[in-house]
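Below is one structure, written out as structure tokens; comments come after it.
The values are calculated or read from the model by the stated rules, or taken from the named source; none is laboratory data. These numbers come from a predicted model, not from an experiment. Counting neighbours? That spans all protein chains shown, and the Cβs are built from the backbone with ideal geometry, glycine included.
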């Protein structure tokens, strides 16, 4: 009985380990952020009561599509991931999963997500989700080896989830949905800048050109983009209040968080070789998004 129990235990552990690897392939933390922002867009776009069944279908379809897209990205970049310290223990570079298995899982997951959304939401929601996949895999992923412009391109699919949620709720888009897109788009530029500054050596080791070389006289071409995006985010953060779509609290919080991010971005630009300003900028960006989303959701109530 002990031998059988041990064998059964090892089988269960193997199944759990396999399931954990498939889950890791989807980058669950990124998927969670996609789901949260999608749900926020759905809630803000909903008229009257919240359709819980539609929200459930939206989240399931989005999770499958997003997880499949991210898994396809890991399949494409498996050799580069093996070269980076922060990614070398992922299932593919670590050898815990065969590439063919990952590819099949990614394709099935993506298609399942599109099918679920297509049958339960509407064509616009499904089309926007497919657009995320196309831009992420066909533009952002290959550009990472070519130019830092990929940072800007990659911010587009990252900013679309709230619009996906809004489209699912209303079947169309409105100025408020575009404002959410603008906030998400601009937020990602200083966030990505902070991450790239902290892991620059790792990215260079893998051949990713996420950050241009510093100029001989000082400065970096991406500095102006990040400072401009941070300044624009400060303005866009208060735009819902100015335009009458949100209350005064939304404007005050947006101004305060935007000013903090701008200050952190400026400090990072001024001290490119120090890790502490980049860490503060990363922390500021991680605070900005959940707080802004929470305020926008509560403001509707």
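Does residue 168 qualify as being in a helix (DSSP H, G or I), under 24 Å from residue 290 (Cβ atoms) and not assigned by TED's automatic domain parsing to the domain that holds residue 33? Lay out the reasoning, then the answer.
Numbers: in a helix (DSSP H, G or I): yes; under 24 Å from residue 290 (Cβ atoms): yes; not assigned by TED's automatic domain parsing to the domain that holds residue 33: no.
Considered against the rule, which asks whether it is in a helix (DSSP H, G or I), under 24 Å from residue 290 (Cβ atoms) and not assigned by TED's automatic domain parsing to the domain that holds residue 33, residue 168 comes out as no.
Please pick out the residue among 82, 46 that is without any contact (Cβ under 8 Å) to a residue 60 or more places away in the chain and either loosely packed, with under 14 Cβ neighbours inside 10 Å or in the same structural domain as residue 125 (by TED's automatic domain parsing) (or both).
82
Give the residues of the stretch 87-125 that are surrounded by 14 or more Cβ atoms within 10 Å (Cβ to Cβ), free of Cβ contacts under 8 Å to residues at least 60 places away in the same chain and more than 28 Å from residue 202 (Cα to Cα), sorted by residue number.
107, 110, 112, 113, 114, 115, 116, 118, 122, 124
Report, by residue number, each residue of the stretch 270-282 that is in contact with a helix residue (DSSP H, G or I) (Cβ under 8 Å, 6 or more places away or on another chain) and either farther than 14 Å from residue 227 by Cα or surrounded by fewer than 22 Cβ atoms within 10 Å (Cβ to Cβ) (or both).
Of all residues in the stretch 270-282, those in contact with a helix residue (DSSP H, G or I) (Cβ under 8 Å, 6 or more places away or on another chain) come to 270-272, 275, 277-282.
Once the filter is applied, which keeps residues that are in contact with a helix residue (DSSP H, G or I) (Cβ under 8 Å, 6 or more places away or on another chain) and either farther than 14 Å from residue 227 by Cα or surrounded by fewer than 22 Cβ atoms within 10 Å (Cβ to Cβ) (or both), the stretch 270-282 yields 270, 271, 272, 275, 277, 279, 280, 282.
Picking from 237, 258, 251, which residue would you name as being touching a helix residue (DSSP H, G or I) at 6+ places or on another chain (Cβ under 7 Å), in contact (Cβ under 8 Å) with a residue 40 or more places away in the chain and either in a helix (DSSP H, G or I) or more than 29 Å from residue 145 (Cβ to Cβ) (or both)?
Values: 258 fails: in contact (Cβ under 8 Å) with a residue 40 or more places away in the chain; 251 fails: in contact (Cβ under 8 Å) with a residue 40 or more places away in the chain.
Within the list 237, 258, 251, the selection yields 237.
Within the stretch 171-203, take every residue that is in contact with a helix residue (DSSP H, G or I) (Cβ under 8 Å, 6 or more places away or on another chain) and part of a loop (DSSP other than H, G, I, E, B) and give me the one that is surrounded by the fewest Cβ atoms within 10 Å (Cβ to Cβ).
Of everything passing the filter in the stretch 171-203, 172 is surrounded by the fewest Cβ atoms within 10 Å (Cβ to Cβ).
Residues being farther than 19 Å from residue 288 by Cα and either crowded, with 17+ Cβ neighbours inside 10 Å or outside the structural domain of residue 254 (by TED's automatic domain parsing) (or both): count how many of those fall in the stretch 204-232.
Of the residues in that region, 8 qualify.
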